[in-house]
Every structure is written in C-alpha cells, then in structure tokens.
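Novice: Attaching a single structure in structure tokens format; questions to follow.
The values are calculated or read from the model by the stated rules, or taken from the named source; none is laboratory data. Since this is a predicted model, take the numbers as computed values, not measurements. In this analysis, Cβ positions are derived from the backbone assuming ideal geometry, glycine residues included, and neighbour counts consider all displayed protein chains. In case anyone asks, the SASA skips ligands and DNA or RNA and just uses the protein heavy atoms, side chains included. Shrake-Rupley method; radii C 1.70, N 1.55, O 1.52, S 1.80 Å.
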Amino acid sequence: MAAVGMDEKLRVLILGGTGFIGRNLAEYLVSNELASKVRVIDKVPPATAWLGGRQKEIFERIEFKSANLINPASVQRAFEDDMTFDLVVNCASEGRLGQMEPVYKEGIVKLSVNCAKEAARREARRYIELSTAHIYAPDKVASTEECKTSPWTDIAQHKLKAEQEISNIKGLNYVVLRPAIVYGPGDRTGLTPRMLVGAVYKELKETMRLLWSPELRTNTVHVTDVCRAIWHLRNAGNSGQVFNLADKGNTTQGQTTEFVSQIFGIQYEFLGSVISSVAKISLPEICEELNEKHMEPWSTICQRNGIVNTPLSPFLYEEQLYNKHLCIDGSAIETTGFTYQHPHLTVNSLREVVEGFAGQDLFPRSLLS
C-alpha cells in the first residue's frame, strides 16, 4: 500500500462519528483543514446527537450517512464512494454500561470486524481501531503495551476480542489505540458522571463520601489528544502496532474529586479501605442506594432550571465503583514524534465540560453560580 504523504490531504471516513470521540475528530479535521473529504457514519443522526454549537456548524460542512454497522451490507454502503478512503477510523462501539453479553458481542466485536474487513477489501491506506485501556490488569504500576491483558469490564473483554479478530484480517494496514479515561467537551461517560454526582451534593448540601482511597489510579487523556493521535498515526507506527494513550498526570480519583469540589464548592471524604472493603461485599446494593439518593435531586434541579430533556445523568454502574486501578504508560507513541497538548488534568478542563453542557441547556446553570 502507498505511504501517506505528510502534506497530503486525505479522504477520511469516521465510523461512529456522532459519538464523543468521533464528533471531536470531525471538528479537529475540519477546523484544521486537514482532509479533502470527511464522511461520518453513525446510526444516530446529527440532529439527535446533542451536538454543541460549533459541532453543529461542522456537521453542516461534512457528509453524513446513517448506517447500522452491525449489518455487513450497511457497512459496504458506508464505504461506497468514487474513490477509496485513505484513512478509516472506527470510533463506533456499544459503549453503554450494564448491557447483556450478546449486545456487546454484536455492538463491539461483530461491528469492528465488519468494518475492518471492509477497509481491507477496499484497500484503505490505514485503519485505526479505538479500543480501551481497561483491557490491562488493574495494577498500580503503569501498564505498557507489552503488559499482560486482563480486561475487567464487559466492554473491555469484547474490545480485546475485537482486537484479536482484527489482527487476523489479511491485507489490513491498521493500528490500535488504547486510551485511558477520555474527557473533554461532549464527554458524557468518562469523568462527567463524577461531576454530576458532585453537582447533586451541592444541591443536597451534604459531604460527598467516596469508596476506597484518593490514591486509586484513574488515568486520563483529553479528547483533543486522542484526535491528534489518530491523525498522527495516519502515517506513523507499523501495521498491527498498539499504542496506549494517557497524559503525564497519572490521574487519581483524589485529584479528580478535588477538582469537582472546587467547581461546585462541596466537601468530600474517602471512606478508606476498611469501610470500603465491607461495602464491596454488597456493592450492588450500595450502587442501588446511591442511585436512589442521586437521581431524584438531579431531576428536581433540572426541572427548576427549565431543563426538560438531557442526556446527562448521575446514574452509576457497579463497574464505576470497583477498587481497580486504571494505570497505563502512554509514552510509547511519543517515540514516533507525537506530543501531548494536555499533559495533565486540570480544574479548568473539567469546568469547560460542564460549562459547555450548560451552554446547550443540558446542565443546570444554577449549579455553576
């Protein structure tokens, strides 16, 4: 396959392009005039995807096609064009927590294999698969790309299976990205649930109590750096290579919680290992109690602020309460010439997320005053 020139404008196909990473990638490519053509594929149309103002403008300037990528025939139609797409990026995935195994098998494994096979058949110059850092063992020591895999979420188990299946596709020039927790404008599932819980405690005027310790690793990477890494890897890295993505901050839940407390002016405390270990025995019940405590005040706040409909929710799943480290080494990609623009999580970068949602009338403005 021909190499991609550094200054050449590529034809880019973004699969799952109205999702969190996909929409930011589309904005990055268009804003920086990097591509000669951008086509976005998703089953969710832009009109119902909760796009922000700038992203609405971006999507008016690119091509959108609706497709169910679990269906091979739909995948073929998604790729059809006068010329082959140079760069194909798969951001599509079943990302909802708490789903049954068949949902993940189809929405992650089958979907990814369908897309990768079609990219190979069409002889795309580079195919990039978005995986997850949750596939590594939950150790306190940072995992490199060579470390053992031991996925500890349902999504991660299926992401690893998708990686394995893709590696067997002949003629596919691909790389895999394994990002830590991705945050930034439009994030609804990474760090945002933690901020929404903090917002609820501002409403309740109570101290927010958290399981485990502040040292629990919850490594992060800004969505802009994910987009920049995708673009960088259009012509960097060898086929079949895997790259972790994580900033330099070695983010912990203590750091994130401190920033949340600064944004909403709340107090917090960690329950520690002894009490948390007792809670671990009944984690499903604890999770249910927390959701009962959080959901009603959230609904009340939204109503008071005139918010009728929002995709944001402080609802928590068991997987979000595990005492498991997400700790990875994201430096390997830097040996290819990549640099992180957001080396650390900051309070301002988190505040930007909630202020963005408030600007769309999806987050109660009163909680930011």
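Novice: All but one of (1) modelled with pLDDT of 95 or more; (2) open to solvent by less than 70 Å² (accessible area, probe 1.4 Å); (3) under 27 Å from D154 (Cβ atoms) hold for L321, so report the exception by its number.
Specialist: Failed condition: (1).
Novice: While we're here: Give the residue, chosen from V200, V182, V109, that is of a type in the set (V, I, T), closer than 21 Å to A78 by Cβ and open to solvent by less than 30 Å² (accessible area, probe 1.4 Å).
Specialist: Details: V200 fails: closer than 21 Å to A78 by Cβ; V182 fails: closer than 21 Å to A78 by Cβ.
Going through V200, V182, V109 in turn, the sole match is V109.
Novice: For segment 32-91, give me each residue that is in contact (Cβ under 8 Å) with a residue 60 or more places away in the chain, touching a helix residue (DSSP H, G or I) at 6+ places or on another chain (Cβ under 9 Å) and either within 18 Å of K117 (Cβ to Cβ) or exposed (fewer than 14 other Cβ atoms within 10 Å of the Cβ) (or both).
Specialist: G53, A78, F79, F85, L87, V88, V89, N90, C91
Novice: I've got another one for you. Search segment 203-220 for residues being of a type in the set (A, V, I, L, M, F, W, C) and closer than 25 Å to N348 by Cβ, and hand back the single one that is surrounded by the most Cβ atoms within 10 Å (Cβ to Cβ).
Specialist: Here is the first cut: in segment 203-220, the ones of a type in the set (A, V, I, L, M, F, W, C) are 204, 208, 210-212, 216.
Okay, now just the ones that are also closer than 25 Å to N348 by Cβ, so 208, 210, 216.
Numbers: M208: 20, L210: 18, L216: 22.
This residue is L216.
Novice: Collect the residues in segment 151-162 that are over 20 Å from N250 (Cβ atoms) and in a loop (DSSP other than H, G, I, E, B), keeping them in residue-number order.
Specialist: Those that are over 20 Å from N250 (Cβ atoms) and in a loop (DSSP other than H, G, I, E, B): P151, T153.
Novice: Please determine whether any residue of segment 221-229 is outside any helix (DSSP H, G or I), within 23 Å of P314 (Cβ to Cβ), open to solvent by 40 Å² or more (accessible area, probe 1.4 Å) and at pLDDT 95 or above.
Specialist: No, the conditions are met nowhere in segment 221-229.
Novice: Here is a check on your reading of the model: is E352 open to solvent by 50 Å² or more (accessible area, probe 1.4 Å) and farther than 30 Å from W152 by Cβ?
Specialist: Values: open to solvent by 50 Å² or more (accessible area, probe 1.4 Å): yes; farther than 30 Å from W152 by Cβ: no.
No.
Novice: Against the definition (out of contact with any Ser or Thr (no Cβ under 7 Å at 6 or more places or on another chain), surrounded by fewer than 17 Cβ atoms within 10 Å (Cβ to Cβ) and over 27 Å from C147 (Cα atoms)), how does P314 come out, yes or no? Before the answer, list the steps.
Specialist: Values: out of contact with any Ser or Thr (no Cβ under 7 Å at 6 or more places or on another chain): yes; surrounded by fewer than 17 Cβ atoms within 10 Å (Cβ to Cβ): no; over 27 Å from C147 (Cα atoms): yes.
Answer is no for this residue.
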